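The values are calculated or read from the model by the stated rules, or taken from the named source; none is laboratory data. Since we're looking at a predicted model, the values are computed, not measured. Every residue, glycine among them, receives a Cβ derived from its backbone with ideal geometry; neighbour counts consider all protein chains shown.
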Amino acid sequence: MPSAPAARLLVTGSLAMATALVLTSCGSSDSDSGSGGSASSSDSKTHTVATAMGNIEVPVAPKRVVVLDTAELDSALTLGVTPVGATHAGTESGYLSYLPKEKVAGIKDVGEMMTPNLEAVAGLKPDLILTSKLRHGDAYGELSKIAPTVMTENTGYPWKENFQVHANALGKVPAAEKVIADYQAHTGEVTEALGGKEKAAATEVNMVRFVEGADIRIYGHKNYIATILADVGLGRPAIVDKAKDGFSYDVSPEKIDQADTDVIFHSTYGDAKKSKQTQTVGSGLWKNMGAVKAGKVFPVDDELWIQGIGYTAADRILDELQADLAK
């Protein structure tokens, strides 16, 4: 699942408003606010959630949740909610491999992430649907007729704000506060393990992604993985400032030496040969880079580092950062 263009990953004013955790109770799950028909009981209490599509009413404690993207699945599972249905990523393995198998067992697959099967979604009789306008804005009318549909503006870079929207919609605000506090504590522990703030900041790190059908991406400041590197306090080389809209600076294998820095993490989406990963890492240009010669190049799981987008993924990434950099 290649990352969305950076121009669509910026936090908008409407999304900032969407993070407000409004908990206004109402007496019915059916309203004229855009929530549409709902499978939830008509006598269930609802609360207002600010979304990219406006304010909608959702059940206070939804029981049958369908999620249509990887970030929403991570959010739900992180908060202890097992969806009744979820889309799968563009991968042969279905649900992303970093997710505990026991937690995804029994979740109904409702199609590929970009093309969910709306009949399958409706058949699950959900009382809440979670996704983003970026992914499924065009289908909002149809989705909202099935169940109240909470959309954030986009995905990736604003993952923390989106998580709060998800938590509000799921009725899991206190649980979310603990997740956030635990993550902050974890990042602090990793920073200390790396020698403290000054030493972490002095270590410049690049994230390189080989993508089938595209140029090689050197990730900038405005994407999911960049926020985690920033939270740990790691340095970033000057090349990332060239990233288009802050998302990525794309290069050919013949210019991969521009990615050289103290430490390089790299992942591959798709076939290793078709993504130019095999060609690039086997080249003399790659082998002569300082990070390679110093043994500071680490292959990582694309499903975890790039596609997961959430706190469960982030905790795993933090563990890997510490294991690789605190040697």
request  = Would you mind telling me which numbered condition in (1) under 30 Å from Trp286 (Cα atoms); (2) basic (Lys, Arg); (3) surrounded by 15 or more Cβ atoms within 10 Å (Cβ to Cβ) Lys172 fails?
outcome  = (1)
task = Can you confirm whether region 172-184 contains a residue that is in contact (Cβ under 8 Å) with a residue 60 or more places away in the chain and closer than 16 Å to Met53 by Cα?
result = no
message = So, in region 184-195, how many residues would count as being closer than 23 Å to Ala313 by Cα and surrounded by fewer than 16 Cβ atoms within 10 Å (Cβ to Cβ)?
response = 5
Matching residues, region 217-247, being among the hydrophobic types (A, V, I, L, M, F, W, C) and farther than 15 Å from Gly310 by Cα = Ile218, Ala230, Val232, Leu234, Ala238, Ile239, Val240, Ala243, Phe247
message = For region 286-294, check the following and say yes or no: at least one residue is touching a residue at least 24 places away in the same chain (Cβ under 8 Å), farther than 20 Å from Ala202 by Cα and not aromatic (Phe, Trp, Tyr).
response = yes
Top-ranked residue of region 43-87 - restricted to ones that are out of contact with any helix residue (DSSP H, G or I) (no Cβ under 7 Å at 6 or more places or on another chain) and assigned to a loop (DSSP other than H, G, I, E, B), ranked as surrounded by the fewest Cβ atoms within 10 Å (Cβ to Cβ) = Asp43
ask   = Among (1) closer than 18 Å to Thr155 by Cα; (2) surrounded by fewer than 22 Cβ atoms within 10 Å (Cβ to Cβ); (3) not β-branched (Val, Ile, Thr), which single condition is Phe298 missing?
value = (1)
message = Quick check on Lys145: is it over 18 Å from the mean Cα position of the chain (by Cα) and under 19 Å from Arg316 (Cβ atoms)?
response = no
message = Tell me the residue from Ala181, Ala226 that is crowded, with 22+ Cβ neighbours inside 10 Å and under 24 Å from Thr312 (Cβ atoms), please.
response = Ala226
query = Being under 25 Å from Ile225 (Cβ atoms), touching a Pro at 6+ places or on another chain (Cβ under 7 Å) and at pLDDT 95 or above, is that true of even one residue in region 58-68?
reply = yes
request  = Can you work out which of the residues in region 143-163 that are closer than 18 Å to Ala120 by Cα and touching a His at 6+ places or on another chain (Cβ under 9 Å) is surrounded by the fewest Cβ atoms within 10 Å (Cβ to Cβ)?
outcome  = Leu143
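Rundown of residues vs (1) of a type outside the set (Phe, Trp, Tyr); (2) surrounded by fewer than 19 Cβ atoms within 10 Å (Cβ to Cβ), yes/no style:
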residue	(1), (2)
Lys255	yes, yes
Thr261	yes, no
Thr268	yes, no
Gln277	yes, no
Trp286	no, no
Glu303	yes, no
Arg316	yes, yes
message = So for region 97-105 (the condition being surrounded by 15 or more Cβ atoms within 10 Å (Cβ to Cβ), at positive phi and not assigned by TED's automatic domain parsing to the domain that holds Gly233), does at least one residue qualify?
response = no
query = If you go through region 233-260, how many residues are free of Cβ contacts under 8 Å to residues at least 40 places away in the same chain and touching a Lys or Arg at 6+ places or on another chain (Cβ under 6 Å)?
reply = 3
